[in-house]
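Colleague: Have a look at this one before I ask anything.
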Amino acid sequence: MAKKVLLAGESWMSYTTHVKGFDSFYTSVYETGEKYIKRAFEEGGYEFTFLPNHLATEEFPFSLEELKQYDLIILSDIGANTLLLPGATFTRSEIMPNRCNLLRDYVLDGGALLMVGGYLTFSGVDAKGKWQDTAVQEVLPVQVLATDDRMEHCEGVRPVSVKEHAIFEGLEKTWPRVLGYNKTILKPEAELLATVCDDPFIALGEYGKGRSAVFTTDCAPHWAPPEFCEWKDYNRLFQNLARWLTKEA
C-alpha cells in the first residue's frame, strides 16, 4: 500500500491595483506552488494530498487520529495562525483543538514531519510565520528565530552537503543555487546534512517515536529558481527525505 503524504500550504491569492492616469482597475489571481514537490512524491509512488492555505484553516486535521492517516506531513509556506485560528475560534470564540500541539504529539507518537522554507514557514516575513511560539518547535531539529528570518540572495547561493548520508544517495555533488532561505539555529541533538551560507539547509531530528526534518528554502519559485526545481536530482532528494522520515531507509 502506498504511503500517504499531506502537504499543507503552498498557495496564495494576489489582488492588484492598476492605475493608468485618471483610471484604475483591479485584478486578482489564485496561484499554487505544489507542482514540483507533488511530482517528486507521486513519481516516488506516494499517495499525495494537497491542502492549500485557504482550505487548511478548516480542513487540516483536528484530531490525532486524523493526522495518523498520513505517513508524512509537510508544512510549506503556511503560517502557524492558519492552524491556530480556525473560524470557530476567530469569529465565535469557541474552544477548539490546538493543531500545533497535535502535530507535536503526532511526531512523538511515530509520525513524520517536514518543514519546507518560505515567507510563512519558520518565522518568515515580519516574523509572521510564528512557528517558534508553538509546540511544533519542540519537534523540529532547528530553533526558529523570533525575528524575520529571511535571508535574501538575489545573486544566488549554493547549498553544500557537509556529511555523507543515505538521503544524498545517487545525488550529484554540486547543488543548484537558491535565491534565499530561512535562517535557523541547529539544535544540539540534531543531525546537520547540508548548509547554505553556513546556516542549516537540511537537518534531521528524532523525537519520541517519530522523525522530523527541515529544508530551509522553497520547494518552488520564488527562492527555488528553475535551475533548482528542474534539477535532475530534485525528485530523488525529496523521495530520499521521505524514505528516511518514514523509516523506509
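Colleague: Tally time: how many residues in region 1-27 are open to solvent by 70 Å² or more (accessible area, probe 1.4 Å), in a loop (DSSP other than H, G, I, E, B) and closer than 30 Å to Ala112 by Cα?
Modeller: Residues that pass the stated criteria total 1.
Colleague: Also: Return the pairs, sorted by first residue and then second, in which the second residue is part of a loop (DSSP other than H, G, I, E, B) and β-branched (Val, Ile, Thr), the first residue lies in region 67-95 and is over 23 Å from Gly118 (Cβ atoms), the beta carbons are less than 9 Å apart, and the residues are 6+ apart or on different chains.
Modeller: From region 67-95, the pairs are Ala88/Ile95; Thr89/Ile95.
Colleague: Right, here's the next one. Filter region 129-157 for residues that are open to solvent by 10 Å² or more (accessible area, probe 1.4 Å), assigned to a strand (DSSP E or B) and either touching a residue at least 12 places away in the same chain (Cβ under 8 Å) or touching a Phe, Trp or Tyr at 6+ places or on another chain (Cβ under 7 Å) (or both) and give the result.
Modeller: Gln143, Arg150, Met151, Glu152, His153, Cys154, Gly156, Val157
Colleague: Identify, from the list Val144, Val162, Val125, the residue that is under 21 Å from Glu191 (Cα atoms) and over 14 Å from the mean Cα position of the chain (by Cα). Outline the logic, then answer.
Modeller: Numbers: Val144 fails: over 14 Å from the mean Cα position of the chain (by Cα); Val125 fails: under 21 Å from Glu191 (Cα atoms).
Selected residue: Val162, the only one of Val144, Val162, Val125 that is under 21 Å from Glu191 (Cα atoms) and over 14 Å from the mean Cα position of the chain (by Cα).
Colleague: Right, another one. Of everything in region 1-53 that's acidic (Asp, Glu) and in contact (Cβ under 8 Å) with a residue 40 or more places away in the chain, which residue is farthest from Ala80 (Cα to Cα)? Spell out the reasoning first.
Modeller: Step one: filter region 1-53 for residues acidic (Asp, Glu), giving 10, 23, 31, 34, 42-43, 47.
Add one more test, that the residue is in contact (Cβ under 8 Å) with a residue 40 or more places away in the chain, and what stays is 10, 34, 43, 47.
Details: Glu10: 14, Glu34: 19, Glu43: 29, Glu47: 25 Å.
Only one residue fits best here, namely Glu43.
Colleague: Scan (1) surrounded by 20 or more Cβ atoms within 10 Å (Cβ to Cβ); (2) at pLDDT below 95 for the single condition Ala56 breaks and write down its number.
Modeller: For Ala56, the failing item is (2).
Colleague: Within region 225-240, can one find any residue that is open to solvent by less than 10 Å² (accessible area, probe 1.4 Å), more than 16 Å from Leu171 (Cβ to Cβ) and touching a residue at least 24 places away in the same chain (Cβ under 8 Å)?
Modeller: Within region 225-240, the subset open to solvent by less than 10 Å² (accessible area, probe 1.4 Å) is 228-229, 233-234, 237-238.
Now narrow it down to the ones that are more than 16 Å from Leu171 (Cβ to Cβ): none.
Looking for residues that are open to solvent by less than 10 Å² (accessible area, probe 1.4 Å), more than 16 Å from Leu171 (Cβ to Cβ) and touching a residue at least 24 places away in the same chain (Cβ under 8 Å), one finds none in region 225-240, hence no.
Colleague: Can you name every residue in region 30-59 that is assigned to a loop (DSSP other than H, G, I, E, B) and within 15 Å of Asp77 (Cα to Cα)? I'd like the intermediate steps shown before the answer.
Modeller: We begin by selecting, within region 30-59, every residue assigned to a loop (DSSP other than H, G, I, E, B); these are 33-34, 44-46, 52.
Those that are assigned to a loop (DSSP other than H, G, I, E, B) and within 15 Å of Asp77 (Cα to Cα): Gly33, Glu34, Pro52.
Colleague: Here is a follow-up. Looking at region 109-122, is at least one residue within 18 Å of Lys4 (Cβ to Cβ), out of contact with any strand residue (DSSP E or B) (no Cβ under 6 Å at 6 or more places or on another chain) and not hydrophobic (A, V, I, L, M, F, W, C)?
Modeller: yes
Colleague: Hey, another quick one. Taking the condition hydroxyl-bearing (Ser, Thr, Tyr), under 26 Å from Ile185 (Cβ atoms), touching a residue at least 40 places away in the same chain (Cβ under 8 Å) and not in a helix (DSSP H, G or I), does Tyr119 pass? Working first, answer last.
Modeller: Working: hydroxyl-bearing (Ser, Thr, Tyr): yes; under 26 Å from Ile185 (Cβ atoms): yes; touching a residue at least 40 places away in the same chain (Cβ under 8 Å): yes; not in a helix (DSSP H, G or I): yes.
When the stated conditions are applied, Tyr119 passes them.
Colleague: Which number in (1) part of a strand (DSSP E or B); (2) touching a residue at least 60 places away in the same chain (Cβ under 8 Å); (3) among the hydrophobic types (A, V, I, L, M, F, W, C) marks the one condition that Ala194 misses?
Modeller: (2)
Colleague: Right, something else. Quick check on region 196-224: of everything there that is in contact with a strand residue (DSSP E or B) (Cβ under 6 Å, 6 or more places away or on another chain) and open to solvent by 20 Å² or more (accessible area, probe 1.4 Å), which residue is farthest from Gly44 (Cα to Cα)?
Modeller: Out of the qualifying residues, it is Cys197.
Colleague: When you go through Lys183, Lys173, Lys247 one by one, which is the residue that is at pLDDT below 95 and either open to solvent by less than 10 Å² (accessible area, probe 1.4 Å) or under 23 Å from Ala8 (Cα atoms) (or both)?
Modeller: Working: Lys183 fails: at pLDDT below 95; Lys173 fails: either open to solvent by less than 10 Å² (accessible area, probe 1.4 Å) or under 23 Å from Ala8 (Cα atoms) (or both).
Exactly one residue qualifies, and that residue is Lys247.
Colleague: Listed residues Asp126, Asp77; which is crowded, with 21+ Cβ neighbours inside 10 Å and of a type outside the set (Ser, Thr, Tyr)? Give the steps one after another, and end with the answer.
Modeller: Values: Asp126 fails: crowded, with 21+ Cβ neighbours inside 10 Å.
Just one listed residue meets the conditions, Asp77.
The values are calculated or read from the model by the stated rules, or taken from the named source; none is laboratory data. All figures in this text were calculated on a predicted structure; none of them were measured in a lab. Neighbour counts are summed over all protein chains in view; Cβ atoms, including those assigned to glycine, are modelled from backbone coordinates with ideal geometry. The protein model used for the area step is the full one, side chains on, heavy atoms only, and it has no ligands, DNA or RNA in it. Shrake-Rupley method; radii C 1.70, N 1.55, O 1.52, S 1.80 Å.
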